[in-house]
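In what follows, a single structure is set out as structure tokens and then discussed.
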Amino acid sequence: MSVEEQNLEKLKYIFDNAKVGITICNAENNRLEMVNPAFAHIHGYEPHELIGTYSNEVFAPECMLRLNEFEHSLSCGINDIVFEATHIRKDGLPVYVSVHITVIKDESGSIKQRIVNLQDITERKQMEDEIKYNEARLKEAQKIAKIGSWEYLFPDLSLTFSDEMYRIFEIEQTVSHASYEEYINTIYPEDRKRLETIFDESVKNKVPYDIVHRLLMNDGRIKYVQERGKTIYDEDGNPIRSIGTVQDITEQKNIQKKIEHMAHHDALTGLPNLALAKMHTEKIIEKGKSLDNKVAILFIDLDGFKSINDSLGHSLGDLVLKMVASRLMEVTGINDILSRQGGDEFLLICSDIKDVGEVINISEKLLHVFEESFHVHNHFLSLSASVGISLYPDHGESFEVLLQSADTAMYKAKEQGKNGYCFYTQQMNHNMIGQFKLVNDLKTALKREEFILHYQPQIELSSKRIMGVEALIRWNHPQLGMISPMSFIPIAESSGQIVQIGQWVIEEACTQAALWHQNGIEISVAVNISAVQFRRGNLESVIIKALINSGLNPKFLELELTESIMMQDIESTLETVHNLKALGIQFSIDDFGTGYSSLAYLKRFAVDKLKIDQSFVRDIVQDQEDAAIVNTIIQMAKNLNLKTIAEGVEVKEVLDILERYGCDEVQGYYFAKPMDAKAFEEYVAQR
């Protein structure tokens, strides 16, 4: 075999075994003359299937276009061309290829053949596409989270920003590298030195850093950002590059500020609340110790505000409270703090008090703001206030003690006729001790059987028959005599003793009603349920036990709930009410109209009766607004298939109006005062 033949054999071996696809194309007829296995494999064919086919049957249109452009540029000295294209395989799937084309010319310079080399770059393209996709996702994620990333290279100190960094810093993205000057100049002036110091210490100590700082925008806006970063070092410990993130937390900061404001301010008036008042007082007390100055706490309680809520509604009452707060602010000193305790109670803390005369002057200014009536929704409302005053250090050295002293003095101001102020005295403390004695005596009152029940008849207006009684507790104190529930029930509720007392009332009322039934007096008995008892008194089991032990039919037991009970922990309350109603027990809403009345709750709780509060009933002859309220409640109840009972009926004129309105039942002194069980039996016998 000649040398030429040997060389041809070697070339053929290389051609057939090359990993790169190779084809030789005839330039005159554009047919493929030679195709190696790699070229055929890239396209999903066998070599013999491609030999003789036209170029445009194998190559993509974009490839043919580039080929034509290349051949037209040969005269410019360009001998080959490299580009990427997408070909279509035999099975119809795309294949990404890198194309390298050269030409073979004859002696005259005409193109005789084209040699096309192809390399399958599908896997590489897929990886590139995936990288681009992930980069796009990262950019989008950074945009959504408002997190930008940066890189700072050593030793050339070049800074690179992600797209989101430019958006956060509001710097125009014009070059590949960000300007460090633009970056540092955007930092809030007072934060720059701190940030540079933390960054330098992080690089020096080889620890990451995390800092919250501000940015100052060109238009004066302030942004808050959280910046985190760390540095990568070479084997010798020299810094190579620092990387980090910056997150725009302006929105979170604003929300945090709002939350902090809400936590320390009253939602209705915007005034500081008790917590902030306490913090402020403790600071000025600490300051007062060194200056030997007094601090005054003025406890302000509005007189008669409840009647506004009861008669005109809470929405209008809230407007009045805002107006009160505004007027009080007008007479508050620049270094003083006015806060709202809640309800109709306000607190004024005055610092740097030199003498008592100064406090008197402040108190008179406070009372003066109430001399002009409040004009709200065509109503001219007259209000006054009672002010209790305590002084540091005379009446206490802590906020809690001073607040309690001012509170005690405020109640004394009310006792003295309201619309005035009163300083705390030690005698008031002695009166409080009397209250403590009642608390202690209550603990043993049940064991000593000092409680008794009185019963007030409830009369059906259509028949004038006694339909039931309301059970009312009385305390027969061994030293103080008969004590009204108005005096001891609040104490029992605050001390938690109302739970045991309430249980006794239920058991006693059920037992007495069952005894009356045995004697032919078939009436229902209504029992008031305290909010504390409802939440903590295991009410269901107590009532079931009382019914079983007494033998009373559940339909003759009526439980009176206040609207405030219904509004607390609604789902749990609803479950308890439904469970008891399933036994046949009746429910009424006590003092209806004085709380947050809601038709939706009446429907959900499926109550049986509305009890109209006596504050509306007593004056319906003279007060047209009260009369309208009572009439509205009665008509509404009829539409909801509920019964109504009016309490506080003391004169016939009131009774006649209630009959005319269609009220179902009444109770009050016109028919009978509350009486013990024996007196009630005599009352029934007489009727």
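Here's the picture: a label point sits 7 Å out from the Cα of MET217 along the beta-carbon direction, and within segment 244-258 the residues with their amide nitrogen under 15 Å of it are 248-254.
Say R0 is 25 Å: what FRET efficiency, to the nearest 0.05, do GLN624 and ARG687 get from their beta-carbon distance?
Numbers: r = 34 Å, r/R0 = 1.36.
Here the calculated transfer efficiency is 0.15.
Taking R0 as 56 Å, what FRET efficiency do you get between ASP352 and ILE570 from their Cβ-Cβ distance, rounded to the nearest 0.05? It comes out at approximately 0.70. Taking a cut-off of 28 Å between Cα atoms, list the lysines near LYS230, but don't count ones fewer than 8 places away on the same chain. Leaving aside lysines fewer than 8 places away in the same chain, those within reach of LYS230 are LYS132, LYS139, LYS143, LYS146, LYS193, LYS204, LYS206, LYS253. Across segment 539-550, computed HN-Hα scalar couplings (Karplus, 6.51 cos²θ - 1.76 cosθ + 1.60, θ = phi - 60°) run 4, 4, 5, 4, 5, 4, 4, 5, 5, 5, 5, 8 Hz from first to last residue, x flagging Gly and Pro. Working note: Karplus 6.51/-1.76/1.60 with θ = phi - 60° gives segment 464-475 the couplings 6, 8, 7, 9, x, 9, 9, 7, 10, 7, 10, 10 Hz, where Gly and Pro are set to x. For the set LYS105, LYS306, solvent exposure ranked by accessible area (probe 1.4 Å, protein chains only) runs largest to smallest as LYS306, LYS105. To make sure I understand the rule: partners must be lysines, Cα under 21 Å from the Cα of LYS365, and not fewer than 8 residues away in the same chain. Which ones qualify? Within reach: LYS294, LYS322, LYS354, LYS412, LYS414, LYS418. Please determine, in degrees from 0 to 90 and to the nearest 10, the orientation of helix 498-518 with respect to the longest principal axis defined by the Cα atoms of the chain, where the helix direction is its Cα long axis. On a 0 to 90 degree scale, this one is about 60. Which whole-number percent is the relative contact order of segment 220-353 (Cα, under 8 Å, 6+ apart)? The value is 24 percent.
Taking the 1.4 Å solvent-accessible surface of the chain as the whole, the part contributed by carbon and sulfur is 51%. Model label sites at ASN17 and SER373, defined 7 Å from Cα along the beta-carbon direction, differ in position by 11.4 nm. Shape class for segment 568-687, computed from the alpha carbon gyration tensor (a ≥ b ≥ c): oblate, with a/c not under 1.5 and a/b at or below b/c.
Here LYS652 is the anchor, and the lysines within straight C-alpha reach of less than 20 Å, apart from those fewer than 8 places off in the same chain, are LYS464, LYS611, LYS673. Just check segment 368-489 against the gyration tensor rule for me: Cα atoms, a ≥ b ≥ c as the square roots of the eigenvalues, rounded for a/c under 1.5, and otherwise prolate or oblate depending on whether a/b exceeds b/c. Here segment 368-489 falls in the oblate category. Taking 0.36 nm per residue of sequence separation and removing the Cα-Cα distance, the GLU450/GLN256 pair yields an extension gain of 64.4 nm. Each peptide in 352-362, 51-61 gets a packing score, the mean of other Cβ atoms within 10 Å over its residues, and the list from highest to lowest is 51-61, 352-362.
Any idea of the accessible area per residue across segment 583-687, 1.4 Å probe, to the nearest Å²?
Values: 5090 Å² over 105 residues.
Per residue, segment 583-687 has 48 Å² of solvent-accessible surface.
Relative contact order, percent, of the chain when contacts are C-alpha pairs under 8 Å separated by at least 6 residues?
Numbers: 1089 pairs, mean separation 41.1, N = 687.
It rounds to 6 percent for the chain.
Read through the labelled values [x] 94, 57, 49; [y] 148, 71, 52; [z] 92, 64, 56 and report the label of the one computed as Cα extents along the principal axes in Å from the structure. Checking each listed value against the structure points to [y]. In the complete set of protein chains, residue-level accessible area for ASP623 is approximately 60 Å², probe 1.4 angstrom.
Can you give me the relative contact order of segment 153-208 as a percent, contacts being Cα pairs under 8 Å and 6 or more apart? Don't skip to the end; give the middle numbers.
Details: 21 pairs, mean separation 14.7, N = 56.
RCO, segment 153-208: 26 percent.
Annotation for GLN635 and GLN518: the two label points, set 7 Å from Cα along the Cα-Cβ direction, are 4.9 nm apart. In order along segment 345-358, the Karplus-derived 3J(HN,Hα) couplings, from 6.51 cos²θ - 1.76 cosθ + 1.60 at θ = phi - 60°, round to 10, 10, 9, 10, 10, 10, 9, 6, 7, 8, 8, 5, x, 5 Hz, and Gly and Pro are given as x. Anisotropy class assigned to segment 173-285 is prolate, per the alpha carbon gyration tensor with a/c at or over the 1.5 cut-off and a/b larger than b/c.
Annotation note: GluC sites (Glu not before Pro) in segment 221-254 located in DSSP loop regions with a Cβ neighbour count of at most 16 within 10 Å are GLU235.
What is the calculated FRET efficiency for SER2 to LEU93, with r their C-beta to C-beta distance and R₀ = 41 Å, to the nearest 0.05? Could the numbers behind the result be given before it?
On the way: r = 45 Å, r/R0 = 1.10.
The value I calculate is 0.35.
A cut-off of 5 Å between modelled amide H atoms, ignoring neighbours fewer than 5 places along the same chain, links ALA646 with ILE612, GLU665, VAL666, GLN667.
The values are calculated or read from the model by the stated rules, or taken from the named source; none is laboratory data. These figures come from a predicted structure and were not determined experimentally. Here Cβ is always computed from backbone atoms with ideal geometry, including for glycine, and neighbour counts include all displayed protein chains. Each accessible area value is taken on the protein alone, full model and side chains, heavy atoms only, with ligands, DNA and RNA left out. Shrake-Rupley method; radii C 1.70, N 1.55, O 1.52, S 1.80 Å.
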